[in-house]
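Notes to accompany the following structure.
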Amino acid sequence: MEIRSKSSNFSSMDDYSRETLRRIQEKYDTLIELGICNNDDVITSGGRYFTSSYGDDYSRLGRSIQRNTNLKTLYMEPEDIMLSVADSGFFEGIKQNSSITTFKLSGYSQYGYAGDIRNPIGDVGCELLKAFQENNSNLTTLRIWSCDIDSIDERVIINTTLSSCTNLKRMHFNHNNMTDEQLLPMVEAIRGHRSLETLRLNYNRIGNVGCETIAVLLHDPSCNLLTLDLHNNQIGNEGAIAIANSLVNNNKLQELNLSDNRLVNQNIVKGAFARVLCDTSSLNATHSSNHRLSGLFGSVEEEERMGDPLVSLLRLNEKTNKRHVAIKKILKYHQNIDMEPLFEWGSGDERNLMALPYLVAWFDRAREAVEMTRNYLRQREGYNTKERKLSAIYQFVLAMPLMFIPSPHAKVDYKKRKRISM
């Protein structure tokens, strides 16, 4: 790192950075993102960048950040700026700030393409991660991309930060060349984080072993992930199926992206996910299937090429009323609904007869579930609730004829005759 003068009499800020510092000092409410970098290519419309060659400028910036309550996002490119760990005033300001909720750390170099050239997180990046370890209650989004995380020390700092920041909602670690071995302690660090909803691990080197680790996370009842992005990794059939199996009892995950991996036989993978989304072995199994997952390979076009029945199940899961989703799956995959379990409610005739109103009520709910479905879809999917309701009632009567039509040769007491007439 270049040795720089610490004198406050000098400044190498350009006019743009000087104006950025002024706006932060005056707490402009329109300035919500700050980039510590050499350009504004990655800064949003509500942000500005800052750069200088003097440590005192960064310390002044840190003191201004400490008092600012409007900043929401801090973006950093450690490789291309002159900030050093000796500029303690800057990092102290980050620790004391109460408004920053998003920290983005990029290994992008202005001399190379992001994702193609990865730079280490470095001392500055590690120092910032340490700052958020102490100021850990506000951070909800952490994104680290295009970084070389081969250094053991850097990985320890990353994982310690993840363990400390228990309010994280979004975690993006992409283009980092991450391996299964590096993923394991990272996943362990976020286990139990109930706030975490988005995990993006795309463009890494995660394989089947890493998927086993992720499957354990998804199986954990405390896991509330809604989105998991694993596209462009090295995942094979075994890893994809491990993730599919972990979703049997997971009713939270909605979007999963496994595109651009090493799936040798997609039919096997599709079959595994189809069984999770709709277990047809019994009515109860279908009712208890996964009704949340509605995305699998990222794009509609790619999912459309997968063919039935998986695409239709994914589309069905997009519906917000999950009770209706379950009903539609039962109607589609159980054309002849078995009435026999309803006859096992009890040994008495009266208890058996009580099952009939429940049967009728279920088909009424089924009619409500499919009433907004287009006619051609009703026919294609085999819903036909009116006809199937009559058929089910007929099966019920056929199985217990004496409950409905008294035999002319049988002696029927007054109480039973009264119940039949009702």
Tabulated pairs, segment 383-408, first under 13 Å from residue 366 (Cβ atoms), second modelled with pLDDT under 70 and among the hydroxyl-bearing types (Ser, Thr, Tyr), C-beta under 8 angstrom, 6+ apart or interchain: 383/373
Residue within segment 285-293 that is open to solvent by less than 10 Å² (accessible area, probe 1.4 Å), modelled with pLDDT under 90 and in contact with a Leu (Cβ under 6 Å, 6 or more places away or on another chain) present: no
Breaking point among (1) out of contact with any Pro (no Cβ under 9 Å at 6 or more places or on another chain); (2) at pLDDT below 65, for residue 412: (1)
Where a residue in segment 51-69 is charged (D, E, K, R) and its partner, wherever it lies, is open to solvent by less than 10 Å² (accessible area, probe 1.4 Å), with Cβ under 6 Å and at least six apart: 63/93
Segment 107-132, subset over 15 Å from residue 143 (Cβ atoms) and at pLDDT below 70, residue most open to solvent (accessible area, probe 1.4 Å): 111
Residue count for segment 59-92, restricted to those that are within 22 Å of residue 119 (Cα to Cα), among the hydroxyl-bearing types (Ser, Thr, Tyr) and touching a helix residue (DSSP H, G or I) at 6+ places or on another chain (Cβ under 8 Å): 1
Selection from segment 271-280 of residues that are open to solvent by less than 70 Å² (accessible area, probe 1.4 Å), farther than 15 Å from residue 211 by Cβ and in a helix (DSSP H, G or I): 271, 274, 277
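The values are calculated or read from the model by the stated rules, or taken from the named source; none is laboratory data. Computed from a prediction, not measured in an experiment: that's the story for all the values here. FYI the Cβ positions are ideal-geometry reconstructions off the backbone, even for glycines, and counts take in every protein chain you see. Accessible surface is based on the protein model in full, side chains and every heavy atom, while ligands, DNA and RNA are left aside. Shrake-Rupley method; radii C 1.70, N 1.55, O 1.52, S 1.80 Å.
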